[in-house]
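Rule-based calculations on the coordinates, nothing more; no lab input. Worth saying up front: this structure is predicted, and the values here are computed from it rather than measured. Cβ coordinates were reconstructed from backbone atoms using ideal geometry, including for glycine residues, and neighbour counts include every protein chain displayed.
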């Protein structure tokens, strides 16, 4: 199983709503990531979890709240978003860094396309 | 600190070769290459590490010039399936936790 699964695929929400994006992987990877991608732009790193602990937060506004309940799951909680937050949100995972075969390639999910009205 | 890719876009006929370049203003530890088709997730192609180690796709090759802080991706005898946007991703120290993606190169292969 080499998949990263993201749900939902599409989400439309108002600025006062609270919603969550979910990501799951069963490859035994211990690093998981959230990226934001605007149309025709490269993915931008938001958060990194390493061994279920938040290791990188790229100065993301607090209206985005990540959570890593266990080594297979990653959530992104959304609250009071702005229309400019509309984008494709990509989850990714990578192999355990301490592994001898570690090279660091990212495995991406299909993404959740978010529209904020 | 975002790596700059060139060209921004290129159109090729099937069977032609392509070279995509990635330049960084900072010293690099690693360079990743990914391809993203429209509406799909980025897919890993190649990683090059400082010191010469490589891992990647059998039909795609790449080079990594540490001194010039540059990498190039070589696509030979291009196929229709090669169409998509190519991103390099650069890491500045061991581990890829802070991978920064380049500006992207849109490749279109026509029959």
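See the values below:
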{"item": "FRET E, pair residue B:68, residue A:38, Förster distance 35 Å, beta-carbon r, rounded to 0.05", "result": "0.75"}
{"item": "Alpha-carbon centroid distance for the pair region A:50-99 / region A:1-25, whole angstrom", "result": "11 Å"}
{"item": "Estimated Rh, the protein assembly as shown: Kirkwood, alpha-carbon pairs, angstrom", "result": "18.1 Å"}
{"item": "Hull shadow area, averaged, region A:1-106 [alpha-carbon convex hull, nm²]", "result": "6.9 nm²"}
{"item": "Cβ neighbours within 10 Å from other chains - mean over B:32-42", "result": "4"}
